[in-house]
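The values are calculated or read from the model by the stated rules, or taken from the named source; none is laboratory data. This one's a predicted model, so the numbers in the text were calculated from it and none came from an experiment. Cβ: placed from backbone, ideal geometry, glycine included. Neighbour counts: every protein chain shown. Calculation scope for accessible area: heavy atoms of the full protein, side chains included, ligands and nucleic acids excluded. Shrake-Rupley method; radii C 1.70, N 1.55, O 1.52, S 1.80 Å.
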Amino acid sequence: PGRVPTTRLGRGQPCPTPNVSLASEHAATMIQFDEHGFRRRVEEAVVTLQKLLHSTRRPTFAEDVPNHSYQDKYLLAEFLTNCGLAAQCTCLEALGVGTQQLATLVEWSASETVTLRLAGRQRCTFLREEEREVESKAKVVKESTIFGKSEQKVVTRVNEWFWRIDVEWELVAYAGTMGGPRQLRLQGRSGSAQLKTTTSATPEPAGQVEFIPTEVPITWLLQQVKLPGGLVGAAHVLSFKIDRDAEGCRTPRRNPQVEAALHAARELCAWSKRVCQFMNQRIFSKAERCAKVQAHTGRDGFLALIASTHQPSELFVPVLPLFEARPAEEEADAAGGDGDGGDGDGTLV
């Protein structure tokens, strides 16, 4: 967060010798970084944030707060990472990871790799064939000098084939390898509906078909969660910190702990996109195909599979890299508790 100085780290601290591997990874990441887009999104979020804060609060970018120390940047990086981890834990909660389940997963992560796995299957079954007559809207009129006018309608016989489509999906968390003793079912749903075709060819592969599962490791995330006193059911806390004394620590952004946090976040983000693709292609698309038959028969069918969804643009993510300048007396009161705020004038929002 903020701008990294190129000549000195702080007050009288010389810049360390650069680490080639960390510098290469950092350069590769910065190529994808859109500073203009980043600032625009933060500024838009600040507008929303102002509606929630007192009118006297003025959060702003760290670089716009004078006289803050370099230590404040480390605190900001830790604060933001813990906020991001809290948001990820909220996502896990929405997926079915309650307090009890979270305690179990945290315990597993101490000795084994913990993985989230989304899997599903479908079955297509032939039900019946029906034949019905469809009258044409056009009429054929015949005139006769003896019998007068007569009307005739053209009737077409139509054959229709009906199929039952069953789909189910399941989200589980497991430790070690899939199928082992440590496995936790988080949630799952199933549904079925009828599909009508005008040919005898199966609309989906016949029989049961297993979907290719999608997985993501969440071990690192779980290892940042601490249960106070180890008590199950107690509120969890997030314990991410940057080891300033580690050999690989260069800046608040370039250090092993932040790199690990970004790597875990990217993996979870990529998995979330695969989950959306899975649901759209395997679940929702079939619901749309069966919609007309559902409306005709009055059955819910796949509608039981579709939960309410939100567009990403509708969500407010409160992970903002902001400082706030405070009067000296307030700053002294805030720093009096733990002395962790550095020696600058900036305060984390």
Residue hits (region 94-106; in a helix (DSSP H, G or I) and exposed (fewer than 15 other Cβ atoms within 10 Å of the Cβ)) are ALA94, THR99, GLN100
If a residue has to be more than 12 Å from THR219 (Cα to Cα), open to solvent by 60 Å² or more (accessible area, probe 1.4 Å) and either charged (D, E, K, R) or in contact with a strand residue (DSSP E or B) (Cβ under 8 Å, 6 or more places away or on another chain) (or both) to count, how many in region 254-269 make the cut?
-> 1
Any chance you could count how many residues in region 202-224 are in contact with a Gly (Cβ under 9 Å, 6 or more places away or on another chain) and open to solvent by less than 70 Å² (accessible area, probe 1.4 Å)?
-> 2
Can you tell me which residue within region 38-62, out of those that are surrounded by 11 or more Cβ atoms within 10 Å (Cβ to Cβ) and assigned to a loop (DSSP other than H, G, I, E, B), is modelled with the highest pLDDT?
-> PRO59
Search region 160-201 for residues being open to solvent by less than 70 Å² (accessible area, probe 1.4 Å) and in a loop (DSSP other than H, G, I, E, B), and hand back the single one that is farthest from GLU129 (Cα to Cα).
-> GLY176
Inspect region 230-242 for any residue being surrounded by fewer than 15 Cβ atoms within 10 Å (Cβ to Cβ), at pLDDT 90 or above and more than 21 Å from GLN187 (Cβ to Cβ) and give the result as yes or no.
-> yes
Those residues that are open to solvent by less than 20 Å² (accessible area, probe 1.4 Å), of a type in the set (A, V, I, L, M, F, W, C) and assigned to a helix (DSSP H, G or I), I need them from region 63-88; list them, please.
-> LEU76, ALA77, LEU85
Selection status of CYS91, in contact with a Ser or Thr (Cβ under 9 Å, 6 or more places away or on another chain) and either surrounded by 17 or more Cβ atoms within 10 Å (Cβ to Cβ) or closer than 25 Å to GLU324 by Cα (or both) | no
